[in-house]
1. Can you name the number of the only condition in (1) buried (at least 19 other Cβ atoms within 10 Å of the Cβ); (2) part of a helix (DSSP H, G or I) that residue 41 fails?
2. Search region 53-66 for residues that are closer than 21 Å to residue 7 by Cβ and pair each with any residue that is outside any helix (DSSP H, G or I) and of a type in the set (Gly, Ala, Ser) when their beta-carbon atoms are under 6 Å apart and the residues are at least 6 apart or on different chains.
3. Just need a number here: residues in region 44-76 that are in contact with a Lys or Arg (Cβ under 8 Å, 6 or more places away or on another chain), exposed (fewer than 12 other Cβ atoms within 10 Å of the Cβ) and outside any loop (DSSP other than H, G, I, E, B).
4. If you check residue 29 against the conditions, is it at pLDDT below 80, surrounded by 10 or more Cβ atoms within 10 Å (Cβ to Cβ) and touching an Asp or Glu at 6+ places or on another chain (Cβ under 6 Å)?
5. Would you tally the residues in region 15-53 being within 16 Å of the chain's Cα centre (by Cα) and charged (D, E, K, R)?
6. Please find, within region 2-26, the residue that is modelled with the highest pLDDT out of those that are within 24 Å of residue 108 (Cα to Cα) and in a loop (DSSP other than H, G, I, E, B).
Amino acid sequence: MYTTQDLTRKYGVSRQTIANWSDLFERFLSPMANPPRGSQRRFTEADIRVFELVYEAKDRGLRTEEIIAALEAGQRGDTPEEIEFLPAVPASGTMVAMQQRILDLEEAISQLRTERDKTAGQNELLKQQLQAAQAEILRLSVEMSKLQS
């Protein structure tokens, strides 16, 4: 797990920028990235991938709406090699590690569900397009047979 300070060093941005990004992209981050008031933010590997995409997109001049659309489509940044050099926040016992593992698994499940739902929507659209094309073929075939008669 990583702290706000780790991310400010990695991306060369202020603590306020990390806080702003955490608020703006909250639904794509773990609950620990936006803890209750007075608690320190902690970031998971999955959060880092969201921040990597946000950082790269901002660097390319993309607008917030475009970044949200990319995140909604399941896009994430690649975990940079340098991330391994960030000091991990020490865990205080097995319970904390288990809680973090649960959060990571819940995030993975959420991403898989999003991808499944996106695919289901695409399948439905393709079915509708197929039916429309088949109906058009039938209509044209009927017209052709009328013209041939």
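The values are calculated or read from the model by the stated rules, or taken from the named source; none is laboratory data. Quick caveat, the model's predicted, so the values are computed rather than measured. We place every Cβ from the backbone using ideal geometry, glycine too, and count neighbours over all the protein chains shown.
1. The single condition residue 41 does not satisfy is (2).
2. Final answer for the pair search is 53/77; 56/77.
3. So the answer is 0.
4. So residue 29 fails the test.
5. Result for region 15-53: 7.
6. Among those residues, the one meeting the criterion is 25.
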